[in-house]
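A.B. asks: Sharing a structure here in structure tokens format.
The values are calculated or read from the model by the stated rules, or taken from the named source; none is laboratory data. All values reported here derive from a predicted model rather than from experimental measurement. Reconstructed Cβ throughout: ideal geometry from the backbone, glycine too, with neighbour counts over all protein chains shown.
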């Protein structure tokens, strides 16, 4: 079978481990005209993973000649100048060590670093697995405190390897992959007992992709551009048909939340230096409107290239490459539509394609499992792009240092309290039904109830955004005017926005509304339930007095003018 | 033997699917070595959603024993 055919099969996202093994077997020693001589040594059997490494090299256009070290003999092979490994004259060596050598002794990292020096002296590039956590729990948390425990030793070893190896060694992030898959599924003991395999061969395709990322970093062929479709990729629905108000994005529905979270992920990549591009079949003027959606985290100016045409996407991607002055090989194209993905795959084999599928909650995972934007060290250029990230990190430090007031001030929160109308009731009913913690009376109004009550009740909804995100509608309050009092019958708030002084902001608005209606006091109720202890003292914190004869009742007189409750949330202009 | 199992074995052992029969085994198939036996274990586990027991890992030496192991995991029509 030809090299090109193998490359195509290795690019298939559904590549099976059986196919990988068969293809890898053909390329272990196949190439006389090798472009790279790659040696692999390890503490366990490397036969299976060596095939994945060979496949990874073939996939990305290299012609490898592989050397597989003798089982478990990595120390001898690397220490002995006369070893078969050095006779092979490798360009690069992979040290495929799992967690075990690092759990056995304290000085394992020092020992490994000496092996690195031997390779460096010969000008051989070094790749090494980052050791995964030991799967055995033994006595649990106590192991974390015991400096000689496997768990403690391996965690320490990872840090030391990264520190000592920075700029010298390219690490294969097996620690992450094993954790992502789960240590029990990553390395079931039966594969080690049967053939000393370091992990279940099912995971060879994922391992191949992970290895490829480190290799791209070494060759300077890392991906730089994420080209994204729009409809059903960055929001739910079609902007052209549904309009900016009709697309699904942000708080309110699970899908909308998932799209917003995916946008957050994409922005995080941008902050790390990944260029974003739009590649969409749309009217450009309409497409831009999507980014004006009030819950769109992505804005038009976040995109370095913006190509909306009715031409095929292969042509659009060529236009993006030209606009950015970059090769097609630097682009990763992500789209929900399998037809578009298939077309780009066929017409532009230079471009990597990620078919996102239909479930936006899986988009980040779909993209991440390709490891496209992996890099071993962030560059200066990345740091320049990362300004927003740096600012956010400073904020998190403030929060961690205990200065909550400074933290809240820097969140730059903008709130809006408003009387709900028809389109809001579904979201408010959802809050009423789902909220268990900030829920004062456990009276849960349905959408129908809310609609029916709209004439009789005083209702308030509250939306919040901050410098990081738009939270959408996060609180619902239903009250009734009874005599000279406004009685709060139900008040719920999403747990995501607890402890931010939003409750004070909202109460200020309720007090204003009550005054406008001419009532003289506000009455609140707190009925204890299984999970609402967090608001047991809410009304006293908001300046209410507990009633002497009914401990569930709280009252705040409006006779005298009072200063507004202090809050870090300011009103939307 | 089902088409599914036949295709799976053909891909793994790099054989023409038509050459695989109920009599195919490691004895009469040079590519059926110990490494491929393990790949077979992993592939069967993934394909049929089962987890093999440790003594079954070394019994995957013929089509007949594969069918037997699968049956013991409740896979009646592999």
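A.B. asks: Does the range A:58-78 include one or more residues that are part of a helix (DSSP H, G or I) and touching a residue at least 60 places away in the same chain (Cβ under 8 Å)?
C.D. replies: The answer is yes, given that some residue of the range A:58-78 is part of a helix (DSSP H, G or I) and touching a residue at least 60 places away in the same chain (Cβ under 8 Å).
A.B. asks: When you check residue B:13 against the structure, is it modelled with pLDDT of 95 or more and either under 23 Å from residue A:196 (Cα atoms) or out of contact with any strand residue (DSSP E or B) (no Cβ under 8 Å at 6 or more places or on another chain) (or both), yes or no?
C.D. replies: The answer is no for residue B:13.
A.B. asks: For the list (1) within 14 Å of chain B (Cβ to nearest Cβ); (2) in contact with a strand residue (DSSP E or B) (Cβ under 8 Å, 6 or more places away or on another chain), I need the number of the one condition that residue A:24 fails.
C.D. replies: All conditions are met except number (2).
A.B. asks: Let me ask something additional. Just name the residue that is farthest from the other protein chains (Cβ to nearest Cβ) out of those in the range A:189-203 that are part of a loop (DSSP other than H, G, I, E, B) and buried (at least 22 other Cβ atoms within 10 Å of the Cβ).
C.D. replies: A:198
A.B. asks: Looking only at the range B:30-69, count every residue that is free of Cβ contacts under 8 Å to residues at least 60 places away in the same chain and either part of a loop (DSSP other than H, G, I, E, B) or away from every other protein chain (no Cβ under 11 Å) (or both) and tell me the total.
C.D. replies: Looking only at that region, the number is 23.
A.B. asks: To continue, here is another question. Can you tell me which residue in the range A:8-19 is surrounded by the most Cβ atoms within 10 Å (Cβ to Cβ), limited to those that are at the interface with chain B (Cβ under 9 Å from one of its Cβ atoms) and touching a residue at least 12 places away in the same chain (Cβ under 8 Å)?
C.D. replies: Looking at the filtered set, the residue picked out is A:17.
A.B. asks: Something else now. For the range B:1-28, name all the residues that are without any contact (Cβ under 8 Å) to a residue 40 or more places away in the chain, away from chain A (no Cβ under 14 Å) and assigned to a loop (DSSP other than H, G, I, E, B).
C.D. replies: B:24
A.B. asks: Filter the range A:279-303 down to residues that are assigned to a loop (DSSP other than H, G, I, E, B) and modelled with pLDDT under 90 and give me whichever is farthest from residue A:219 (Cα to Cα).
C.D. replies: Across the range A:279-303, the extreme among qualifying residues is A:283.
A.B. asks: Quick one: count up the residues across the range A:490-540 that are in contact with a helix residue (DSSP H, G or I) (Cβ under 9 Å, 6 or more places away or on another chain), part of a strand (DSSP E or B) and crowded, with 19+ Cβ neighbours inside 10 Å.
C.D. replies: Residues flagged as in contact with a helix residue (DSSP H, G or I) (Cβ under 9 Å, 6 or more places away or on another chain), part of a strand (DSSP E or B) and crowded, with 19+ Cβ neighbours inside 10 Å within the range A:490-540 amount to 6.
A.B. asks: Further question on the same structure: Looking at (1) in a helix (DSSP H, G or I); (2) within 14 Å of chain B (Cβ to nearest Cβ); (3) touching a helix residue (DSSP H, G or I) at 6+ places or on another chain (Cβ under 6 Å), which one does residue A:185 not meet, given that it meets all the others?
C.D. replies: (3)
A.B. asks: Could you identify the single residue in A:206, A:179, A:213, A:227 that is more than 14 Å from every other protein chain (Cβ to nearest Cβ), in a helix (DSSP H, G or I) and either in contact with a strand residue (DSSP E or B) (Cβ under 8 Å, 6 or more places away or on another chain) or closer than 30 Å to residue A:320 by Cβ (or both)?
C.D. replies: That would be A:213, the only listed residue that is more than 14 Å from every other protein chain (Cβ to nearest Cβ), in a helix (DSSP H, G or I) and either in contact with a strand residue (DSSP E or B) (Cβ under 8 Å, 6 or more places away or on another chain) or closer than 30 Å to residue A:320 by Cβ (or both).
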